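Quick notes on the structure that follows.
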Amino acid sequence: DNSLQNVPLAPPDAILNLSALYKADTDPHKINLGVGAYRDNDGKPWILPVVKKAEELILHDPNVDHEYLPTAGLQSFTDASAKLIFGADSPAIKEKRVGTFQTISGTGACRIAADFLARHRKAPIYISNPSWANHQAIFTDAGLEIKYYQYWDPQTRGLAFASLIETFKSAPEGSIILLHPCAHNPTGVDPTFEQWKIIADVLKSKNHFPFFDCAYQGFASGDLDRDAQAVRYFVEQGFEMLVTQSFAKNMGLYGERCGALNVVAKTEESAKKAVSQWCKISRAAYSTAPSYGARIASTVLNNPELYQQWTEELKTMSYRIINMRDELFKHLQELGTPGTWNHVVDQIGMFSYTGLNLNQVNTLKEKFHVYLTDNGRISMAGLNTGNVRKFAEAVDWVVR
Ligand code: PMP
């Protein structure tokens, strides 16, 4: 019987479910450390002032209409997006070996890449354990074979570097290796530049295919170039590779769904072929990408004055988060909270992987009205000068 009555209810998304629980909580001092979206020091979403300026310009631009974008996207956006990640003087761009395609934010970029890889590269994809939960869902739905490399070492609360290298060495030749170039989600732990070089050597020796999922450029350190250094190093090393981009965090364009998928190929011709396949995949899935977010990003990226302002606003966001790491660490020290907490300040980006276990996470929720994911990850952006002490005290209570 194929009646709709027989369709099972899909389980709720863990993060969205957490937000619903938070919303339903009537405690006035509740704290939401679940969803990875920037909040200002008053706990409010922040529209970047530079984005407002760009919107003004777009609103009064007589050339703007609501026609469809080309299938590959708004070219002034995709060109600028490629320069942002690979560098304005990137030889690969000059040699036209880079192909860039506008996507429905970072998630859409991952999905187009996944469908493409499933069709044109018969190889398993290695993702970090742990990783952004949606990676597994995306690559499974696309029909890729998923394998894992250990990333987090619970003992050191840092990178499981030796294990990761071992896995890359023993993976079948030509595997796809998914890497987070900066601000690893959920751990907040990144390889050092020296470690990236070793990773590159191993990947090269095994003919692996790097796939960088870049959701936090500029948001991690406050420096767009620094956050792109791993990607640029791999390009210098001559890899063929894929690179996604998201403008959700770094421009605060979450709901506008603005992103890109890039290929770095050996030749202009193969870059073109890859992009042609992405056009084919997207055409059958949703036709063309939305224009509004891409217009905003294009305006910011192509206008030197706005670009400069954006780099300042990136610092506002990333420095506030870095400051919250320092504050949280300081309060835990003051309280004499058992355990080591250096990882809170050593980690980078939106998230901190606290090392708190499921029991402690549940107690934080039930007793202290603090909401975080079951794996002990907190979104640093949910902390502010008004709640960081209360959070530290709650952590202190649950670990004792
Ligand atoms: N990749 C990673 C690692 C992420 O953390 C995110 C954001 N949570 C994304 C991709 C995609 O986000 P979006 O689709 O909102 O750009």
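At the listed q of 0.26 Å⁻¹, the Debye profile of region 142-212, built from one uniform point per Cα, gives log10 I(q)/I(0) equal to -1.39. In region 278-400, a dipole from Cβ-located charges (positive for Lys and Arg, negative for Asp and Glu) runs towards its positive end, and of T363, T288, L335 it is T288 whose Cα lies farthest in that direction.
Going by average Cβ neighbours within 10 Å, how do the peptides 216-229, 128-141 rank, with the highest at the top?
Values: 216-229: 21.4, 128-141: 18.1.
Top of the packing list down: 216-229, 128-141.
The 3J(HN,Hα) values that the Karplus relation (6.51, -1.76, 1.60; θ = phi - 60°) gives for region 326-336 are, in residue order, 4, 5, 4, 4, 4, 5, 5, 5, 4, 7, x Hz. Gly and Pro appear as x.
Using the basic label-point model (7 angstrom from Cα toward the beta carbon), what is the F193 to Y233 distance in nanometres? Reported label-point gap for F193 and Y233 is 0.8 nm. In the chain, the DSSP beta bridges split such that about 50 percent are antiparallel, to the nearest 5. The fraction of all Cα pairs in region 3-64 landing in successive 5 Å bins from 0 to the largest distance is 3, 12, 13, 14, 11, 10, 11, 11, 8, 5, 1, given as whole percents.
For the chain, what is the calculated [θ] at 222 nm in deg cm²/dmol (nearest 500), taking -39500 (n - 2.57) for each run of four or more DSSP H residues and dividing by its residue count? Walk me through the numbers on the way to the answer.
Values: 16 runs with 187 residues, N = 400.
Result for the chain: -14500 deg cm²/dmol, rounded to the nearest 500.
What aspartates and glutamates sit close enough to K169 to cross-link, taking a C-alpha to C-alpha distance under 13 Å and skipping anything fewer than 8 places away on the same chain? Cα-Cα hits under 13 Å: D201.
Subtract the Cα-Cα distance of Q155 and A133 from 0.36 nm times their separation in residues, and report this length gain in nm to one decimal.
Details: separation 22, 0.36 × 22 = 7.92 nm, distance 2.22 nm.
Computed gain between Q155 and A133 is 5.7 nm.
Rounded to a whole number of µm²/s, how large is the Stokes-Einstein D of region 61-198 at 25 °C and 0.890 mPa s, given Rh as the Kirkwood radius over C-alpha pairs? Stokes-Einstein gives a translational diffusion coefficient of 142 µm²/s. Computed from the alpha carbon positions, the gyration tensor of the chain leads to an equivalent ellipsoid with semi-axes of 33, 26, 22 Å, biggest first. The alpha-carbon atoms of region 125-284 define a convex hull whose volume equals 127 cubic angstrom per residue. Counting only aspartates and glutamates at least 8 places from K273 when in the same chain, those with an alpha carbon closer than 18 Å to its own are D79, E95, D115, E240. Residues in region 93-124 near a label at S270, defined as backbone nitrogen under 15 Å from the 7 Å Cα→Cβ point? Once the point is set 7 Å along Cα→Cβ of S270, 96-99, 117, 120-122 turn out to lie under 15 Å by backbone N, inside region 93-124. Projection of the Cα convex hull of region 5-124, averaged over all directions and equal to a quarter of that hull's surface, yields 14.6 nm². Computed about the Cα centre, the dipole magnitude for region 263-400 is approximately 500 debye when only Lys and Arg (+1) and Asp and Glu (-1) carry charge, each at its Cβ.
At full extension, N41 and K96 could sit 15.5 nm farther apart than now, given 0.36 nm per residue minus the alpha carbon distance.
The charge dipole of the chain, taken about its Cα centre with unit charges on the Cβ of Lys, Arg, Asp and Glu (plus for the first two, minus for the last two), comes to roughly 520 debye.
No lab work stands behind these numbers, since they all come straight from the coordinates. Keep in mind it's a predicted model, so treat the numbers as computed, not measured. Don't worry about glycine lacking a Cβ; one is built from the backbone with ideal geometry, like all the others, and counts go over all protein chains shown.
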